[in-house]
Amino acid sequence: MIINLSDQNSLVCNWMSELRDRDIQSDQMRFRRNLERIGEVAAYEISKKLVWENKEVETPLGIANCKVLQSQPVLATILRAGLGMHNGLLNYFDKGENAFIGAYRKHQENGSFEIKLDYMSCPAIKDKVVIISDPMIATGASLVKVIQSLKQEGEIKELHIVCAIACTVGLEYVLRAYPKATIWCGDIDDELTAKGYIVPGLGDAGDLAFGQKIQS
Ligand code: URA
C-alpha cells in the first residue's frame, strides 16, 4: 500500500516545499529539521495502524483506563541520509529499538552503479513491526537490498517504509519485492534520471543534510 502524505493539505506540504526549494534547502539545519518533522508525522500516522492494549493507570485521584502500544517497533535507517527522518520517528516512538545499515552506490566507469551494503547494527527483529526510513526512494534497489539483509536476521511481522520523496518506478520495484509493505511518502515524483536522481526531487538528500562528501 502507498500513502502519499501530500494528498491532503497539511503542514507536510509546507515542509516538502521547503525541502525542495533550492534557496531554502541550503539551510542545512532547516533541511534536517524538515526531514525530522516528516518522520514525526509519519510516526503518528503509523501509530494508528499498530496494535494497542488496555492498561489501568493509577493517577493521584483514581484509576484511568488507558491504551498503550502492545509492543515497540524497530526503527531502521540507511546511513547517512536517513538519520534525520529516523530521529523524527524516534522522537515519537521513544521506546523503539534501532537498526542502522550503511549502503552506498559503487559507480562503474560506464556511469552505472551497484548498491553495496557495509555497516549493520540490528536488534532482534523476528515477529516485530519494522519501520525503515530512507528519504529518497529512487530505483528502490538499495531499500530492497537493505530489507533483504534485515530479513536474514528474522521474519518481520509488519513492514512500514517512510520516505520524503519516492519515484513511481522505485515504488513499483519495492512493492514487487515486498507487496505487504506500507510505504508512507512525503510526496511522489514520476521522473528518474539515468544517474538515478529523482526529478523534480530535491537533489542529494545526504549532501543537503550533512554536506558534500569527497567520495563519488
Ligand atoms: N538519493 C538522493 O539523495 N536524491 C535522489 O534524487 C535520488 C537518490
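The values are calculated or read from the model by the stated rules, or taken from the named source; none is laboratory data. Everything numeric here is computed off the predicted structure, so don't read it as measured data. In this analysis, Cβ positions are derived from the backbone assuming ideal geometry, glycine residues included, and neighbour counts consider all displayed protein chains. We work out accessible area using only protein heavy atoms, side chains counted, and drop any ligands, DNA or RNA first. Shrake-Rupley method; radii C 1.70, N 1.55, O 1.52, S 1.80 Å.
Summary of values
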read-out: Choice from Leu202, Leu83, Leu50 with maximal GNM fluctuation in the chain (Cα, 10 Å cutoff); value: Leu50
read-out: Coil-residue GluC sites (Glu not before Pro) of the stretch 85-184, DSSP, other Cβ within 10 Å capped at 10; value: Glu109, Glu155
read-out: Within the chain, helix-based [θ] at 222 nm, where runs of 4 or more DSSP H residues each add -39,500 (n - 2.57), nearest 500; value: -9500 deg cm²/dmol
read-out: At R0 = 35 Å, FRET efficiency that the Cβ-Cβ distance of Asp118 and Asp23 yields, to 0.05; value: 0.50
read-out: By accessible area with a 1.4 Å probe, ligands and nucleic acids excluded, highest first: order of Trp52, Trp15; value: Trp52, Trp15
read-out: Rounded to the nearest 10 Å², the accessible area of Asp127 at probe 1.4 Å; value: 100 Å²
read-out: Counting DSSP beta bridges with both ends in the stretch 123-216, the antiparallel % (nearest 5); value: 10 percent
read-out: List Phe31, Phe113, ordered by accessible area with a 1.4 Å probe, largest first; value: Phe113, Phe31
read-out: Choice from Ala164, Ala181, Ala64 with maximal GNM fluctuation in the chain (Cα, 10 Å cutoff); value: Ala64
read-out: Most mobile of Leu69, Leu90, Leu192 in a GNM of the chain (Cα contacts under 10 Å); value: Leu69
read-out: Per-residue SASA entry for Met1, accessible area with 1.4 Å probe, Å² rounded to 10; value: 120 Å²
read-out: Percentage, to the nearest whole number, of Cα pairs in the stretch 64-143 over 18 Å apart; value: 49 percent
read-out: At q = 0.08, 0.09 Å⁻¹, base-10 log of I(q)/I(0) for the stretch 2-210 (Debye sum, equal scatterers on each alpha carbon); value: -0.28, -0.35
read-out: Integer Hz, Karplus 6.51/-1.76/1.60 couplings in order for the stretch 164-176, x for Gly and Pro; value: 7, 10, 10, 9, 4, 5, x, 4, 4, 4, 5, 6, 5
read-out: Near-label residues of the stretch 66-105 by backbone N, under 19 Å of a point 7 Å along Cα→Cβ of Gln215; value: 77-84, 100-105
